[in-house]
There are 2 protein chains.
Amino acid sequence: MSNLKIGALARQTGTNAPTIRYYEEIGLLGSVGRQAGNQRVYSDTDVRRLTFIRRCREFGFSIDQVRALVALVQDPASSCVHARDLAQEHLIAVRAKLTELKALERSIAAFVANCDASCAGGAGPDCVILEDLTKGRTQTRNTSGGRCSKTSACS
Amino acid sequence: MSNLKIGALARQTGTNAPTIRYYEEIGLLGSVGRQAGNQRVYSDTDVRRLTFIRRCREFGFSIDQVRALVALVQDPASSCVHARDLAQEHLIAVRAKLTELKALERSIAAFVANCDASCAGGAGPDCVILEDLTKGRTQTRNTSGGRCSKTSACS
DNA sequence: CCTACATCCTCAAGTAACTTTAGGTTCAAG
DNA sequence: CTTGAACCTAAAGTTACTTGAGGATGTAGG
């Protein structure tokens, strides 16, 4: 019953105002009340609903998944076990992404380390590290055999 | 000098043919030769270049960053230290994302665990776990106090 | 040589989840 | 009563592609 305008709702939920309008447009927020001057008015219910939506989005759920979750919360006949299952499914995806990202982190770190070790100041076209990228996986290479090393720069 | 057609190049580099055409369109692949019948022909140089691009993309570099890296490799006056710096910058972003994702994983896992512990079979609207999502951070709650628990389902 | 059929071509539109821009109205303060 | 912040709608832009339509070309078998 706080009767917020869109700016206040935006601040309370950490959402941009256009995003809030967008959520309304795609039917995530249901119908919203209006003031005399056609400006949107939001209630506590709306605050809770948008908070829920934002949290789900932070959790990495897609808009469609959030739509399902919102329906779930609204529907008296639904079971929260369903929500659990959605979350479980999503957890698996997150863990896969996590694994990928870890591998990525190692690769880039290795790339940077290789640059530091064997390619300081070398020229682009002859750089052995850049060359690696055009071939197989970037991997730790022996620092001594490079064409451009600290002791023999290639430019 | 292998004179590949787009399909072969696609297979060799793990790229869809339309994506290759798209890269050409946005200027990532430069100008490509054509056969008599107007079909694209690719050389070993193209294979290397596309491989480089794909690897960079796998590394999570944006198209614009890849464009910079490609220019870097092409430019005889450039230094590979520049590439290192781009990578270093990207590494920081990846690590930030990694941290976020780890927190996310913990949150979702906690959510699922909470569901299992205190909300099995409960109805959506009354589910304390779903309710959590509309409030503060999801956190470990005491399993005994929930309104819908294994021993007292709420539907 | 002719017929399938795979592969290629271009151009246009679709995708997710918003953000940005343009041009105009309304509200709150002084 | 005026000024400036906040609001409104509608449309286009963003990223990195993917998908689809409709037609041309290349190749293998008969």
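Computed from the coordinates by the stated procedures, all read-outs in this text should not be read as laboratory data. The structure presented is a predicted model; accordingly, all values stated were derived computationally and were not measured. Every residue, glycine among them, receives a Cβ derived from its backbone with ideal geometry; neighbour counts consider all protein chains shown.
Observations
- Close amide H contacts of A:Val41 (hydrogens built in the peptide plane, cut-off under 5 Å, sequence separation of 5 or more or a different chain): A:Gly33, A:Arg34, A:Gln35.
- Take B:Asp64, move 7 Å from Cα toward the beta carbon, and the resulting point lies 3.0 nm from the same point in each other copy, nearest first.
- Other-copy label distances relative to B:Ala109, 7 angstrom Cα-Cβ extension, nm: 1.9
- Per-residue mean of C-beta atoms belonging to partner chains within 10 Å, peptide B:83-92: 5
- Distance from the A-onto-B rotation axis is smallest for the Cβ of the chain A residue given, in whole Å, as A:Leu101, 3.
- Placing a label point 7 Å from the Cα of B:Asn3 along the Cα-to-Cβ direction, the distances to the matching points in the other copies come to 8.0 nm, shortest first.
- Couplings 3J(HN,Hα) of the range B:15-32, computed from phi: 10, 6, 4, x, 5, 4, 4, 4, 4, 5, 4, 8, x, 7, 9, x, 8, 10 Hz, in residue order, whole Hz [Karplus 6.51 cos²θ - 1.76 cosθ + 1.60, θ = phi - 60°; x for Gly and Pro].
- Inter-centroid distance (Cα atoms) of the range A:23-83 relative to the range B:8-34, Å: 42
- Each of B:Gly37, B:Ala113, B:Phe61 was placed along the dipole of the range B:1-116 (beta-carbon charges, centred on the mean Cα), and the one lying farthest toward the positive end is B:Gly37.
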